Structures are given as C-alpha cells and as structure tokens.
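Step one of this worksheet: look at the structure below.
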Amino acid sequence: MTDVQQRTEAEIRQDRPGTASSRRVVLMGAGAIGATAALAACGTDAANTNPNGTDFAAEPAPAGSDGPAGGGSTGGGGTVLVAAADVEVGGGVILDELVVTQPAEGSFKAFSNVCTHQGCKVSEIKNGSIICKCHNSLFSIQDGAPTSGPAKAPLAVTAIDVDGDNIVTA
Ligand code: FES
C-alpha cells in the first residue's frame, strides 16, 4: 500500500469513523494510486533520459548517443572518445560504438561502426576504407559512403569535436 493510499484512508477514517473498509475508501485509494502513477510518468522527460531510462543529469550520455537535449553535463568539452594522436592520418580507429577517422591531417570524422548492410560491426580500417568483413562492404573514411560490396547506404555520421589533444563528443 502506498503512502498516498494510507494517508487517504487515514483521513477518511478521521472524517467518517467506522467506514475504513467501505467500498468508497477502496475506490478513493485506487484513484490516488492512479494519480500518483500519472504524476510519476509526467516527471520523466524522455528527451533527457538515456536509452536505459536514467536521467542524463545523473548519468552522462553514453558515447555516440545524442546526449541531453539543449546541452550536456559534460562541462562543454564533450566526452573524450580517443586521443587525436591515436587516429592515424588516412586511417582511423574502431571504438565500441563509433569509428573515428582522419582522412586528412587535422580533419576528423566519426561514424557508426554498424554496417548498413546487415548490421555487423565493421572490423578494420585499411587503404582509406572502413571494412565490414561480414560480406566485404567498404566505406569511405571521408564520409562513410559505401564504395564496394553489398552495403548501399552510408555509415551514420556522428558529430564530434576536437578538444585540445582529444576527439570528443559534440
Ligand atoms: S553486414 Fe556488413 S557487409 Fe554485410
């Protein structure tokens, strides 16, 4: 039994002694529970929650996610994805959720690491291409566009920034 329901029943008992177990008390208690559930549902803004339902303010956005609406709680610099020095010019690195590339010196790009063909994770970056070995699709490190193999759609672009020596979420 909830606090709201307990209080409601107690208040009713004070007003009408001897009627605590009446049908009206039960119905009013059920109404209070419904109202509480509705308020609780309104208290969570879906735009400010992580995919796991927690609040961005309480738990930072995972790398590669959209982050909180209207700004983040990461101090303005974004979440560090990788050191810029670890991203080879003309190549890139495959992270847990992203591929970060550096097609030209100082120009960094990031893409989803999920192949647009059938959803395998890309597994290698070689000769200017991001490679999905499941069915040998190749994607450009410049823009994620498919250049060979069965994939027809580009890898999803992810916004990033360069913050000092690091590549960070935008
Ligand atoms: S899933 Fe990547 S090429 Fe088929």
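What's the Cα-based Rg to Rh of the range 80-169, Rh via Kirkwood? List each step's numbers first, then the result.
Details: Rg = 12.0 Å, Rh = 12.6 Å.
Ratio of gyration radius to Kirkwood radius: 0.95.
Using DSSP to call loops (not H, G, I, E or B), can you name the GluC sites (Glu not before Pro) in the range 80-170 whose Cβ has at most 15 other Cβ atoms within 10 angstrom? Write out the running numbers ahead of the final one.
Values: sites: GLU88, GLU97, GLU105, GLU124; in loops: GLU88, GLU97, GLU105.
Those that pass, being in a loop and sparsely packed, are GLU88, GLU105.
Compute the distance in nm between two label points, each set 7 Å from the Cα along the Cα-to-Cβ direction, one at HIS135 and one at LEU95.
Result: 2.9 nm between the two label points.
Where does the charge balance sit around ILE141 when Lys and Arg score +1, Asp and Glu -1, over other residues with C-beta under 12 Å from its C-beta? Provide the component values of the computation, followed by the final result.
Numbers: positive: LYS109, LYS126; negative: GLU88, GLU124, ASP143.
Net charge around ILE141: -1.
Once you put a point 7 Å from the Cα of ALA104 and another 7 Å from the Cα of ALA159, both along the Cβ direction, what distance in nm separates them?
About 2.3 nm separates the two model spin labels.
7 Å from Cα along Cα→Cβ at both LYS121 and GLN142: what's the point-to-point distance in nm?
My value for the distance between the label points is 2.8 nm.
Check ILE160: other-chain or 5+ apart residues with amide H under 5 Å from its amide H, H built from backbone geometry?
Placed amide hydrogens put ALA170 under 5 Å from ILE160.
Using 0.36 nm times the number of residues separating ALA170 and ALA85, minus their current alpha carbon distance, what extension gain do you get? List each step's numbers first, then the result.
Working: separation 85, 0.36 × 85 = 30.60 nm, distance 1.84 nm.
This chain segment gains 28.8 nm when fully extended.
Between the DSSP loop rule and a limit of at most 15 other Cβ atoms within 10 Å, which trypsin sites (Lys or Arg not before Pro) in the range 121-170 are left? Before the final figure, lay out each step's value.
Working: sites: LYS121, LYS126, LYS133, LYS152; in loops: LYS133, LYS152.
Sites meeting the loop and neighbour criteria: LYS133, LYS152.
Only the coordinates and a few stated rules stand behind these numbers; no lab work does. Since we're looking at a predicted model, the values are computed, not measured. So basically every Cβ, Gly included, is an ideal-geometry build from the backbone, and we count neighbours across all protein chains shown.
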